[in-house]
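Asks: Once you've had a glance at the structure underneath, I'll fire off some questions.
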Amino acid sequence: MPRVIIEPHPPFDVEAGTSLLDASEDAGFALESDCGGVAACNACRVDVLEGMENLSPEGDEEAPFLDADDQRLGCQACVLGDVRVRPAAGL
Ligand code: FES
């Protein structure tokens, strides 16, 4: 199973295909979410520190929310392999 690190929390394993938002909720330290995970609030945005290639491809609905190439929406990015992220600065 893929290993996820959401800084500053300890690593945990998730089923492949789980969104970062769902994975964080399952692990007990949920990313912020004000829209229920439908790419409408931007609260779940993360900086991807390692493993961008191990996330599902970026969807068109994410682009308006992302300020940098290393960012994703946690509700839209599904974990396919090991990844390390942190909540985006300024949120
Ligand atoms: S939870 Fe609202 S954009 Fe991801």
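Asks: Enumerate the calculated ³J(HN,Hα) couplings along region 34-43 in order (Karplus 6.51 cos²θ - 1.76 cosθ + 1.60, θ = phi - 60°), each rounded to whole Hz, writing x wherever the residue is Gly or Pro.
Replies: So the Karplus estimates, Gly and Pro as x, are 10, 10, x, x, 10, 6, 10, 10, 6, 5 Hz.
Asks: When all protein chains stay in place, what accessible area (Å², nearest 10, 1.4 Å probe) is found for residue 38?
Replies: For residue 38, solvent-accessible area is about 100 Å².
Asks: Follow-up question, since we're still on this one. Roughly how many nanometres apart are two label points built 7 Å out from the Cα toward the Cβ at residue 70 and residue 50?
Replies: 1.3 nm
Asks: At 0.36 nm per residue, minus the direct Cα-Cα distance, what do residue 61 and residue 16 gain on full extension? Give it in nm, one decimal, please.
Replies: 14.0 nm is the gain from fully extending residue 61 to residue 16.
Asks: Between rounded, prolate and oblate, where does the chain land on the alpha carbon gyration tensor, with a ≥ b ≥ c its root eigenvalues, rounded for a/c under 1.5, else prolate if a/b exceeds b/c? Each step should come with its number before you reach the end.
Replies: Details: a/c = 1.43, a/b = 1.29, b/c = 1.11.
Verdict is rounded for the chain.
Asks: Continuing with this model, one more query. Would you rank 53, 62, 32 by solvent-accessible area, highest first, keeping every protein chain in place and using a 1.4 Å probe? Intermediate results must be reported in sequence, preceding the final value.
Replies: Numbers: 53 145, 62 0, 32 120 Å².
Heavy-atom accessible area, descending, gives 53, 32, 62.
Asks: Tell me whether region 39-91 comes out rounded, prolate or oblate; compute the Cα gyration tensor, take square roots of the eigenvalues as a ≥ b ≥ c, and use a/c under 1.5 as the rounded threshold.
Replies: On the way: a/c = 1.79, a/b = 1.27, b/c = 1.41.
It is oblate, given that a/c is not under 1.5 and a/b is not larger than b/c.
Asks: Which residues' amide hydrogens lie under 5 Å from the amide hydrogen of residue 75, considering only partners 5 or more residues apart or on another chain, with H built in the peptide plane?
Replies: It is 21, by chain and number.
Asks: Sticking with this one: Given H placed on each backbone N at 1.01 Å, which residues far from residue 31 in sequence or on other chains put an amide H within less than 5 Å of it?
Replies: 24, 25
The values are calculated or read from the model by the stated rules, or taken from the named source; none is laboratory data. Note that the structure is a prediction, hence the values are computed from the model and not measured. In this analysis, Cβ positions are derived from the backbone assuming ideal geometry, glycine residues included, and neighbour counts consider all displayed protein chains. Each accessible area value is taken on the protein alone, full model and side chains, heavy atoms only, with ligands, DNA and RNA left out. Shrake-Rupley method; radii C 1.70, N 1.55, O 1.52, S 1.80 Å.
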